[in-house]
Amino acid sequence: MIDKIKDLAEEIKTSINSIDTAGKLEEFRLKHLVKKGTIQAHFDELKTLSKELKPIAGKELNQLREFAQNAYNSLLEKFSQNQSTELDIDLTLPGKSSFIGRFHPVRQILDEMVEIFISMGFSVAEGPDIEDMYHNFDALNFPPEHPARDMQDTFFITSERGDLLLRTHTSPVQIRIMENQMAPIRTIMPGRVYRNEAISARSLAEFHQIEGLYIDKDVSFAELKGTMIVFAQKMYGFDSKFRFRPSFFPFTEPSAEMDITCFLCKGKGCRVCKYSGWLEIAGCGLVHPNVLKNCGIEPEDYSGYAFGFGIERVAMLRTGIDDIRLFYDNDIRVLKQF
Ligand code: PHE
């Protein structure tokens, strides 16, 4: 074995002397220094040696490895310094093109939405993805038998506490803000939400929302509408049309949904807007007095509005992508267009 190591040492020394290009140096590394290389192969063989021989051979091998590695390192340094003079590369070969990384379209839209709200005076907050039943439902005035709590919509988490779930919307962050801050409050809360839904061109089980909350004295529905329209015009341009439809959420009263004219058919009616010409982009309303009370805010003194936009929906409108699943297939041909 000792002889074999000596032979290998000889071989390594001779080949080091003959290395005169970066290419040969790399060949040397691949032959001797990698995990499947000659030195490691000899280390593997140590197992078969007797107790007396093993430490002697081991020492020799360690020295050899150190020697080879040092020689490699200094040659590598030499070649990288000399790169411009040692022309063993063909500069006329076509180069390899590389991609420049960029933000995912959903992230880009999210950042843009956040910027617009910041310019309108909102601050930004975040809450946990794993929520408890109280913040996701009870504090938001969901009655105990409300269908949204149903297994079909909510991913419940098996835990000792028994009340944990993946948040189904960003509205629980409203509660966390009101519990911890004094009015007036003007905050947006972007984040990921989860619903146990069938995956289709229009919906995913995991998507993003941006929640808004404004609490002050005498806040009116007109202010809510004004804020949402200014936001939507900045986001979609001044020629887009919007409409508010009455709706219901347990945590707002009155409640509404905001629609925008469909980006694909411009309002004529198509597959994406289910032939209505309109796309729903947000839920909103005045904060329900019970919600204020649950957070220790006196509804006699304060009122407020809240809204929640689906971010993927907004991203679809802006990018023209008509199948929500395309955002998360990670197909570079799709993503590099934005
Ligand atoms: N949380 C609601 C949803 O997920 C949206 C919403 C937010 C509605 C705030 C009203 C006020 O559908």
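Summary of computed values
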item: Failed condition for Gly121, given (1) modelled with pLDDT under 95; (2) on the phi > 0 side of the Ramachandran plot; (3) of a type in the set (Gly, Ala, Ser); result: (1)
item: Flag if Phe28 is of a type in the set (A, V, I, L, M, F, W, C) and more than 23 Å from the chain's Cα centre (by Cα); result: yes
item: Scan of segment 89-130 for residues that are of a type in the set (Gly, Ala, Ser) and within 18 Å of Leu213 (Cα to Cα), ordered by number; result: Ser119, Gly121, Ser123, Ala125, Gly127
item: In segment 224-240, the residues that are in contact (Cβ under 8 Å) with a residue 40 or more places away in the chain and buried (at least 16 other Cβ atoms within 10 Å of the Cβ); result: Leu224, Thr227, Met228, Phe231, Ala232, Lys234, Met235, Tyr236
item: Among residues of segment 280-311, those that are among the hydrophobic types (A, V, I, L, M, F, W, C) and open to solvent by 30 Å² or more (accessible area, probe 1.4 Å), counted; result: 1
item: Strands (runs of 3 or more DSSP E) contained entirely in segment 230-338, each with at least 3 residues that are away from the ligand (no atom under 16 Å from the Cβ) and under 24 Å from the mean Cα position of the chain (by Cα); result: none
item: Gly269 vs. criteria open to solvent by 20 Å² or more (accessible area, probe 1.4 Å), free of Cβ contacts under 8 Å to residues at least 12 places away in the same chain and in contact with a Cys (Cβ under 9 Å, 6 or more places away or on another chain); result: yes
item: Filtered residue count, segment 50-66, keeping only those that are of a type in the set (Lys, Arg) and loosely packed, with under 13 Cβ neighbours inside 10 Å; result: 2
item: Matching entry among Leu87, Leu64 (being at pLDDT below 85 and of a type in the set (A, V, I, L, M, F, W, C)); result: Leu87
item: Residue within segment 8-30 that is loosely packed, with under 14 Cβ neighbours inside 10 Å and of a type in the set (A, V, I, L, M) present; result: yes
item: Every residue from segment 265-305 that is touching a Leu at 6+ places or on another chain (Cβ under 9 Å) and under 21 Å from Tyr236 (Cβ atoms); result: Cys270, Arg271, Val272, Cys273, Leu279, Ile281, Cys284, Tyr305
item: Residue that is nearest to the chain's Cα centre (by Cα) [pool: residues in segment 67-84 that are modelled with pLDDT of 85 or more and surrounded by 13 or more Cβ atoms within 10 Å (Cβ to Cβ)]; result: Leu76
item: Segment 251-291: number of residues that are modelled with pLDDT of 95 or more and more than 20 Å from Ala222 (Cα to Cα); result: 2
item: Selection status of Thr319, touching a Phe, Trp or Tyr at 6+ places or on another chain (Cβ under 8 Å), open to solvent by 30 Å² or more (accessible area, probe 1.4 Å) and among the polar types (S, T, N, Q); result: yes
item: Selection count, segment 15-52, where residues are among the basic types (Lys, Arg) and part of a helix (DSSP H, G or I); result: 4
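The values are calculated or read from the model by the stated rules, or taken from the named source; none is laboratory data. Everything quoted here is computed from the prediction, not taken from an experiment. Reconstructed Cβ throughout: ideal geometry from the backbone, glycine too, with neighbour counts over all protein chains shown. In case anyone asks, the SASA skips ligands and DNA or RNA and just uses the protein heavy atoms, side chains included. Shrake-Rupley method; radii C 1.70, N 1.55, O 1.52, S 1.80 Å.
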